[in-house]
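The next block holds one structure in the form of structure tokens; read it before the comments.
The values are calculated or read from the model by the stated rules, or taken from the named source; none is laboratory data. Fair warning: this is a prediction, and the values are worked out from it, not measured in the lab. Every residue, glycine as well, gets a Cβ built from its backbone with ideal geometry; the counts of neighbours run over all protein chains shown.
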Amino acid sequence: MDIEAVQSSYARWAPIYDKTFGAVTHSGRRRAVSYINSRDGSVLEVGVGTGLSLEHYNPELKVTGIDFSAQMLSKAQAKVREHDLRHVVALRKMDARALDFPDHSFDTIAAMHVLSVVPEPEQVMSEIARVLKPGGKVVITNHFVRTQGILALLERLSAPFANTIGWHSDFHIETVLQERALEVEEHKALPPLGLMTFLVLTKAGAA
């Protein structure tokens with residue numbers, strides 16, 4: 001999937017995202033935010049989209065959101081204004097493959113349902129690891145390809161249409177887990193039907 005395809009796809013989806021993909025991904029987003037709210041400090045949400053998670057963060061956190069879609073960010077900015085979300089310190093248009101932050105900038109990084117829609121997810125994971133503080137956590141919710149059953153067949157059939165539908169149905173979890181600086185702390189299937197996976201990764205080093 002190339003970056004132009006991501007832009008055009010999410011420009012189409014932005015007006016209806018909250019009631020379509022947003023509804024499907026609600027369970028994973030709720031689980032991720034609940035985990036993040038148990039922590040302190042700074043949070044980076046990679047692929048903040050329309051900002052569905054923003055009002056649910058602990059107000060004592062300092063949340064920065066990035067997204068490559070201007071249309072999505074516009075929706076997120078409207079939510080920040082509407083709900084007076086003072087814990088959201090910045091919303092920025094940015095390519096997740098080249099994060100414009102110094103090394104070791106954030107205590108927690110969230111990547112909710114974004115890694116299967118970005119070009120070069122391995123590079124995105126490398127950048128996430130770079131800007132995460134030692135001892136920090138990466139909280140991921142995402143769909144990963146199945147190896148058997150009717151859903152696995154549907155995923156394989158829809159894979160060639162990734163640029164059109166805006167996500168990779170055949171996305172492998174190994175793509176996320178190969179970043180050497182990050183170790184798996186938690187790995188769970190989420191309801192319904194285990195369609196989504198919840199991951200917590202820890203960066204080596206003292207907190």
Original post:
Pairs, please: C-beta under 9 Å, at least 6 apart or cross-chain, first residue at positive phi and in segment 160-188, second at pLDDT below 80 and not polar (S, T, N, Q)?
Top reply: GLY166/MET1; GLY166/ALA5; GLY166/VAL6; GLY166/TYR10; GLY166/ARG12; GLY166/TRP13; GLY166/PHE21
Original post:
Is there any pair linking a residue in segment 112-130 that is under 18 Å from VAL200 (Cβ atoms) and in contact (Cβ under 8 Å) with a residue 40 or more places away in the chain to one that is outside any helix (DSSP H, G or I) and of a type in the set (Asp, Glu), with Cβ under 6 Å and at least six apart or on different chains, and which?
Top reply: MET125/GLU179; ALA129/GLU179
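If we keep just the residues of segment 32-67 that are of a type in the set (Asp, Glu) and touching a helix residue (DSSP H, G or I) at 6+ places or on another chain (Cβ under 9 Å), which is surrounded by the fewest Cβ atoms within 10 Å (Cβ to Cβ)? Write out each step before concluding.
First, the residues of segment 32-67 that are of a type in the set (Asp, Glu): 40, 45, 55, 60, 67.
Pick out the ones that are also touching a helix residue (DSSP H, G or I) at 6+ places or on another chain (Cβ under 9 Å) and you get 45, 55, 67.
On the way: GLU45: 29, GLU55: 16, ASP67: 27.
Selected residue: GLU55.
For LEU99, indicate whether it is touching a helix residue (DSSP H, G or I) at 6+ places or on another chain (Cβ under 7 Å), under 17 Å from GLU127 (Cα atoms) and at pLDDT below 95. Talk me through it step by step, then tell me what you get.
On the way: touching a helix residue (DSSP H, G or I) at 6+ places or on another chain (Cβ under 7 Å): yes; under 17 Å from GLU127 (Cα atoms): yes; at pLDDT below 95: no.
No, not satisfied.
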**OP:** Of all residues in segment 128-138, count the ones that are surrounded by fewer than 24 Cβ atoms within 10 Å (Cβ to Cβ) and of a type in the set (A, V, I, L, M, F, W, C).
**Re:** 2
**OP:** For residues that are touching an Asp or Glu at 6+ places or on another chain (Cβ under 9 Å) and not β-branched (Val, Ile, Thr), scanning just segment 2-36, find the one that is modelled with the lowest pLDDT.
**Re:** TYR10
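Hey, can you tell me all the residues within segment 94-106 that are touching a residue at least 60 places away in the same chain (Cβ under 8 Å) and either among the aromatic types (Phe, Trp, Tyr) or out of contact with any Leu (no Cβ under 8 Å at 6 or more places or on another chain) (or both)? Steps first, answer last, please.
Residues of segment 94-106 that are touching a residue at least 60 places away in the same chain (Cβ under 8 Å), as a first pass: 95, 105-106.
If the condition is that a residue be touching a residue at least 60 places away in the same chain (Cβ under 8 Å) and either among the aromatic types (Phe, Trp, Tyr) or out of contact with any Leu (no Cβ under 8 Å at 6 or more places or on another chain) (or both), then ASP95, PHE106 are the ones that fit.
From the list ASP95, ASP67, ASP100, ASP107, pick out the single residue that is touching a strand residue (DSSP E or B) at 6+ places or on another chain (Cβ under 9 Å), closer than 16 Å to LYS203 by Cα and among the acidic types (Asp, Glu).
The conditions single out ASP107.
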**OP:** Those residues that are surrounded by 18 or more Cβ atoms within 10 Å (Cβ to Cβ) and of a type in the set (S, T, N, Q), I need them from segment 78-108; list them, please.
**Re:** THR108
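Can you confirm whether HIS113 is on the phi > 0 side of the Ramachandran plot and surrounded by 16 or more Cβ atoms within 10 Å (Cβ to Cβ)? Walk me through how you get there before you give the answer.
Details: on the phi > 0 side of the Ramachandran plot: yes; surrounded by 16 or more Cβ atoms within 10 Å (Cβ to Cβ): yes.
Yes; evaluated as a whole, the condition is true for this residue.
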